[in-house]
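Student: What follows is a structure written as structure tokens; I'll ask about it next.
The values are calculated or read from the model by the stated rules, or taken from the named source; none is laboratory data. This structure is a prediction, so every number in the text was calculated from the model and none was measured. Cβ sites come from the backbone with ideal geometry, for glycine too, and all protein chains shown count toward neighbours.
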Amino acid sequence: MISVLIVNYFCHTLTAKAVNSVLTDDPAAQIIVVDNSNNQIEALELRKLLPNTTVLIVATINLGFGRACNLALKQASGEWIFLLNPDAYVLPGCLQQLLKTLKSDLTIAAVSPIAQWDEDGVFLLPPGQMQSPAWEWMQSIGLRAPFLGRILSERFKHYALRSLCADHPITQNMLSGGHMLLQRSAIEAINGLFDPNFFLYYEDTDLCRRLTQAGFKLMLDPKAKVVHEWKHDPQKSRYVTESRLRYMNKHFSHISQMDKLRQKFERFFSQQTIAYHDLGVNTHTPTFDFISKQKGEYLFELSPSPLLIPAAYHFSSSTITCIPASIWSLLGPARYWVRISEPKGQRSYFSFEIPAPTVNLEALAIKHLDINYQAKHLDWAQLSDETDLLNCFFSAFGHEMSPELWRWKYRDLDTLGTLLRIDGEVIAFYGGMPRTIHLFGSPVIAVQIGDVMVHPEHRGTLTRKGAFFQAATHFLERYVGEQKTYPIAFGFPSARAYQLSVHLGLYDKVGELMQINWPALQARPSYQVRLRPLNHNKAVTINRLWRKMAKALKQQVVGVRDWNYINHRYLQHPTFDYQLYQVSSRFTGITLGIMVLRMQDDKIELVDVIAQPRHISTLVHCLRRLTWSLGKSQAYTWITQQNSSLFTTDAGDISTTGIIIPHNCWTRGIPASELLDRWWLMAGDTDFH
């Protein structure tokens with residue numbers, strides 16, 4: 001029997017279509033659907049549409065794709081496991097053809113069908129490509145050396161077409177997790193399906209690498225077909241970036257050094273791809289204007305990359321002049337590149353851009369207000385607004401923020417937050433940065449509210465007509481809460497900002513930051529533990545400690561503190577100099593914890609820790625001894641109130657900071673009561689320490 005695993009996220013109609021396609025192809029299949037939407041209406045619609053034989057699991061939070069599949073697998077009883085995206089559906093004969101191939105050789109762990117982008121098969125989606133630092137370097141060089149880029153592009157096209165046009169199953173090094181049939185025994189041989197640390201993206205890349213490393217084969221069967229109505233959504237790029245780093249750190253030990261080197265290379269050499277005919281910005285499919293009367297087969301390639309890697313492929317016996325409407329509707333706002341190859345080998349290159357959809361932003365954010373907006377304009381802040389935003393920051397806070405610090409905080413973000421202009425001048429900004437957190441043991445992407453500022457001349461209106469309210473509600477309504485990009489937000493507002501937010505009905509209190517002070521301790525070195533700077537095996541040590549810490553704090557809400565985060569947050573900080581110290585057992589050599597410290601004139605600030613709570617008191621004792629040895633009088637830290645007792649066991653003195661942990665109550669989402677005194681937050685979780 002084949003067990004089919006499908007993860008739904010606010011797409012019950014598509015999920016039902018996927019389920020019905022499976023039952024039409026194989027009525028005996030077991031189907032398990034996990035609803036990640038955390039929405040009662042969505043779950044109700046699924047129950048209405050799904051057949052009674054379908055096993056429906058309603059998750060209480062968005063588990064992410066990989067964790068949801070792992071949950072479904074626990075309910076699966078089939079010997080064969082088929083992963084299917086909700087926006088995909090199988091065509092007749094697909095499952096039995098895949099099963100036939102899988103049974104033909106016990107060393108085949110997984111097999112995938114050809115993926116059509118549309119039901120008629122006008123466009124074929126490309127086969128997968130295993131990601132590695134070497135492959136990233138090749139593409140980076142190709143984007144800066146047109147001759148090499150052309151060779152790389154042609155080689156990928158040859159690989160893709162050889163796979164898509166084969167007449168028999170063909171070996172692959174990567175398969176898409178959106179439509180893959182696996183042997184259960186192969187899954188068990190590699191200790192499980194998906195690595196739960198991947199929230200979204202790269203979980204299938206990691207799976208395929210683990211399978212091939214275990215000696216299994218991956219196959220693509222061109223006789224089996226699915227339709228995958230994949231939509232290009234550039235807004236999900238933040239998930240891709242985060243998962244890519246997690247994958248690279250897991251499989252390539254020196255990736256941080258390689259990334260730094262590649263980034264320097266990319267800054268030094270600008271992109272110089274082959275010449276494309278730019279068709280400009282288009283809200284409808286553009287016309288690819290070229291004249292050719294050659295007889296034979298034309299090849300049309302469409303890609304979000306100037307290297308055409310990856311690309312969707314369309315074969316035609318006549319001149320191709322436009323993109324079909326069924327495909328155009330699947331393209332999100334971005335720039336795209338097209339290569340049209342004629343029968344005799346001539347090639348034409350085109351590029352066009354699809355703009356972001358126009359939205360009446362003022363109406364969206366001020367729908368509850370009675371105010372004249374002729375001179376005011378709400379918009380989404382972009383990288384190009386940097387100068388205006390830094391000027392607003394100076395006006396609001398009376399000191400400058402360096403461009404380097406600003407870019408460090410809002411790295412790789414297409415949208416930085418909401419800004420409000422009057423006659424072109426930025427007078428308010430409400431910004432946010434994504435951060436992976438563990439919400440009661442499950443990883444989700446939260447948003448950390450960062451720079452919230454209003455020009456002094458526009459602070460007088462403390463009502464729902466004010467600039468702060470307009471910027472804040474616009475951001476919250478777009479991004480935070482149920483059915484939004486981020487289910488949860490957190491931040492560290494000033495007392496004034498928090499009180500104003502409560503007055504306007506935006507925030508609830510879910511916690512408070514306390515300050516713990518310790519005097520320096522003159523004492524001999526401990527015979528049980530050793531304290532020393534962390535200067536080797538950083539990624540391995542930090543990731544191992546973080547996993548232990550996360551497990552111990554699974555009843556709380558805690559920001560991820562793995563190597564990727566620590567490296568960016570502290571070691572790459574453009575302004576502050578942080579030092580990492582390691583506390584380990586003298587007897588076993590096992591690392592008990594890591595402290596992130598910032599040296600001040602006569603104090604040491606404990607900015608962050610990566611450790612299990614039971615080892616906190618040991619770390620504090622070592623910190624006090626270090627404070628004495630460095631000739632300083634005091635050490636201190638910030639920690640949420642409910643966790644403060646862990647830090648006060650060693651002569652600690654506790655005081656309030658006045659910093660409240662807020663919770664969004666403007667849009668529907670997780671109730672504040674569920675998060676009250678459940679956050680683990682320290683000074684390092686702020687964006688200003």
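Student: In segment 631-668, how many are on the phi > 0 side of the Ramachandran plot and either touching a residue at least 40 places away in the same chain (Cβ under 8 Å) or touching a Lys or Arg at 6+ places or on another chain (Cβ under 6 Å) (or both)?
Tutor: 2
Student: If you don't mind, there's one more thing I want to ask. For residues that are touching a strand residue (DSSP E or B) at 6+ places or on another chain (Cβ under 6 Å) and hydroxyl-bearing (Ser, Thr, Tyr), scanning just segment 8-56, find the one that is nearest to residue 66 (Cα to Cα).
Tutor: For segment 8-56, the residue satisfying everything is 15.
Student: Restricted to segment 640-659, and to residues that are closer than 25 Å to residue 405 by Cβ and not polar (S, T, N, Q), which residue is surrounded by the most Cβ atoms within 10 Å (Cβ to Cβ)? Please lay out each step first, then the result.
Tutor: Taking segment 640-659 as the starting set, the residues that turn out to be closer than 25 Å to residue 405 by Cβ are 657-659.
From what is left, the residues that are not polar (S, T, N, Q) are 658-659.
Numbers: 658: 11, 659: 22.
Filtering first and then ranking leaves 659.
Student: Moving on to the next point. Assess whether residue 655 counts as being part of a helix (DSSP H, G or I) and of a type outside the set (D, E, K, R).
Tutor: Answer is no for this residue.
Student: Also: Could you list, in sequence order, the residues of segment 494-514 that are of a type outside the set (Gly, Ala, Ser), touching a strand residue (DSSP E or B) at 6+ places or on another chain (Cβ under 6 Å) and surrounded by fewer than 20 Cβ atoms within 10 Å (Cβ to Cβ)?
Tutor: 508, 509, 512
Student: Shifting gears a bit: Can you tell me which residue in segment 316-356 is surrounded by the fewest Cβ atoms within 10 Å (Cβ to Cβ), limited to those that are within 36 Å of the chain's Cα centre (by Cα), among the small types (Gly, Ala, Ser) and not in a strand (DSSP E or B)?
Tutor: Looking at the filtered set, the residue picked out is 325.
Student: If the requirement is being of a type outside the set (A, V, I, L, M, F, W, C), in contact (Cβ under 8 Å) with a residue 12 or more places away in the chain and within 30 Å of residue 38 (Cβ to Cβ), which of these qualifies: 443, 456?
Tutor: Details: 456 fails: within 30 Å of residue 38 (Cβ to Cβ).
Just one listed residue meets the conditions, 443.
Student: Go through segment 449-492 residue by residue and tally those that are aliphatic (A, V, I, L, M) and either farther than 18 Å from residue 426 by Cβ or not in a strand (DSSP E or B) (or both).
Tutor: 8
Student: Any residue at all in segment 636-659 that's more than 21 Å from residue 497 (Cα to Cα), at pLDDT 90 or above and out of contact with any strand residue (DSSP E or B) (no Cβ under 8 Å at 6 or more places or on another chain)?
Tutor: Yes, that holds for at least one residue.
Student: While we're on this one: Could we say that residue 106 is of a type outside the set (S, T, N, Q) and surrounded by fewer than 23 Cβ atoms within 10 Å (Cβ to Cβ) here? If you could, list the steps in order and put the result at the bottom.
Tutor: Working: of a type outside the set (S, T, N, Q): yes; surrounded by fewer than 23 Cβ atoms within 10 Å (Cβ to Cβ): yes.
It is true that residue 106 is of a type outside the set (S, T, N, Q) and surrounded by fewer than 23 Cβ atoms within 10 Å (Cβ to Cβ).
Student: Now a separate question. Just to be sure, is residue 221 of a type in the set (D, E, K, R), closer than 20 Å to residue 118 by Cα and surrounded by fewer than 20 Cβ atoms within 10 Å (Cβ to Cβ)?
Tutor: Criteria not met by residue 221.
Quick grid of which residues meet (1) of a type in the set (Phe, Trp, Tyr); (2) farther than 24 Å from residue 575 by Cβ; (3) touching a Gly at 6+ places or on another chain (Cβ under 6 Å):
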position: 407; (1), (2), (3): no, no, no
position: 421; (1), (2), (3): no, yes, no
position: 424; (1), (2), (3): no, yes, no
position: 427; (1), (2), (3): no, yes, no
position: 432; (1), (2), (3): no, no, yes
position: 452; (1), (2), (3): no, no, no
position: 464; (1), (2), (3): no, yes, no
position: 468; (1), (2), (3): yes, yes, no
position: 471; (1), (2), (3): no, yes, no
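Student: Can I ask one more? Is there a residue being loosely packed, with under 14 Cβ neighbours inside 10 Å and either among the hydroxyl-bearing types (Ser, Thr, Tyr) or in contact with an Asp or Glu (Cβ under 6 Å, 6 or more places away or on another chain) (or both) anywhere in segment 424-431?
Tutor: Checked segment 424-431: no residue is loosely packed, with under 14 Cβ neighbours inside 10 Å and either among the hydroxyl-bearing types (Ser, Thr, Tyr) or in contact with an Asp or Glu (Cβ under 6 Å, 6 or more places away or on another chain) (or both).
Student: In addition: Suppose we filter segment 461-496 for residues that are more than 23 Å from residue 642 (Cβ to Cβ), aliphatic (A, V, I, L, M) and over 25 Å from the mean Cα position of the chain (by Cα); how many remain? Spell out the reasoning first.
Tutor: We begin by selecting, within segment 461-496, every residue more than 23 Å from residue 642 (Cβ to Cβ); these are 461-486, 496.
Checking which are aliphatic (A, V, I, L, M) leaves us with 462, 467, 471-472, 476, 480.
Narrowing the set further to residues that are over 25 Å from the mean Cα position of the chain (by Cα) leaves 462, 467.
So the count comes out to 2.
Student: Separate question: What are the pairs, 6+ residues apart or on separate chains, where a residue within segment 591-610 that is closer than 16 Å to residue 639 by Cβ and without any contact (Cβ under 8 Å) to a residue 40 or more places away in the chain has its Cβ under 8 Å from a residue that is acidic (Asp, Glu) and buried (at least 22 other Cβ atoms within 10 Å of the Cβ)?
Tutor: Partner pairs satisfying both residue conditions: 595/608.
Student: Within the set of pairs 6 or more residues apart or between chains, which connect a residue that is not assigned by TED's automatic domain parsing to the domain that holds residue 642 inside segment 670-681 to a residue that is assigned to a helix (DSSP H, G or I) and aromatic (Phe, Trp, Tyr) with Cβ atoms less than 6 Å apart?
Tutor: Nothing qualifies.
Student: Another question about this same structure. Hey, among 75, 131, 96, which residue is polar (S, T, N, Q) and either in contact with a helix residue (DSSP H, G or I) (Cβ under 6 Å, 6 or more places away or on another chain) or buried (at least 22 other Cβ atoms within 10 Å of the Cβ) (or both)?
Tutor: It is 131.
Student: Hey, among 167, 195, which residue is of a type in the set (Asp, Glu), surrounded by fewer than 21 Cβ atoms within 10 Å (Cβ to Cβ) and either under 28 Å from residue 241 (Cα atoms) or at pLDDT 95 or above (or both)?
Tutor: 195
Student: For segment 52-139, please list each of the strands (runs of 3 or more DSSP E) lying entirely inside it that holds at least 2 residues being touching a residue at least 24 places away in the same chain (Cβ under 8 Å), assigned by TED's automatic domain parsing to the domain that holds residue 222 and closer than 12 Å to residue 179 by Cβ.
Tutor: On the way: elements: 55-58, 80-84, 88-90, 108-116.
It comes to 80-84, 88-90, 108-116.
Student: For residues that are of a type in the set (Ser, Thr, Tyr) and outside any loop (DSSP other than H, G, I, E, B), scanning just segment 573-598, find the one that is surrounded by the most Cβ atoms within 10 Å (Cβ to Cβ).
Tutor: Across segment 573-598, the extreme among qualifying residues is 591.
Student: Give the residues of segment 666-687 that are surrounded by fewer than 20 Cβ atoms within 10 Å (Cβ to Cβ) and in contact with a Phe, Trp or Tyr (Cβ under 7 Å, 6 or more places away or on another chain), sorted by residue number.
Tutor: 686
Student: Sticking with this one: Within segment 370-419, can you find the residues that are buried (at least 16 other Cβ atoms within 10 Å of the Cβ) and at pLDDT below 70?
Tutor: The answer is 376, and nothing else.
Student: Does residue 557 meet the test of being surrounded by 19 or more Cβ atoms within 10 Å (Cβ to Cβ) and farther than 25 Å from residue 678 by Cα?
Tutor: Considered against the rule, which asks whether it is surrounded by 19 or more Cβ atoms within 10 Å (Cβ to Cβ) and farther than 25 Å from residue 678 by Cα, residue 557 comes out as no.
Student: Mind listing whichever residues of segment 25-47 are in contact (Cβ under 8 Å) with a residue 24 or more places away in the chain and not in a strand (DSSP E or B)? Break it down into steps so the answer makes sense when it comes.
Tutor: Initially, segment 25-47 is screened for residues in contact (Cβ under 8 Å) with a residue 24 or more places away in the chain, giving 25-26, 28-39, 42, 45-46.
25, 26, 28, 29, 36, 37, 38, 39, 42, 45, 46 - these are the residues of segment 25-47 that are in contact (Cβ under 8 Å) with a residue 24 or more places away in the chain and not in a strand (DSSP E or B).
Student: I would also like to ask the following. Report whether or not residue 29 is in the same structural domain as residue 199 (by TED's automatic domain parsing), modelled with pLDDT under 95 and in contact with a helix residue (DSSP H, G or I) (Cβ under 9 Å, 6 or more places away or on another chain).
Tutor: no
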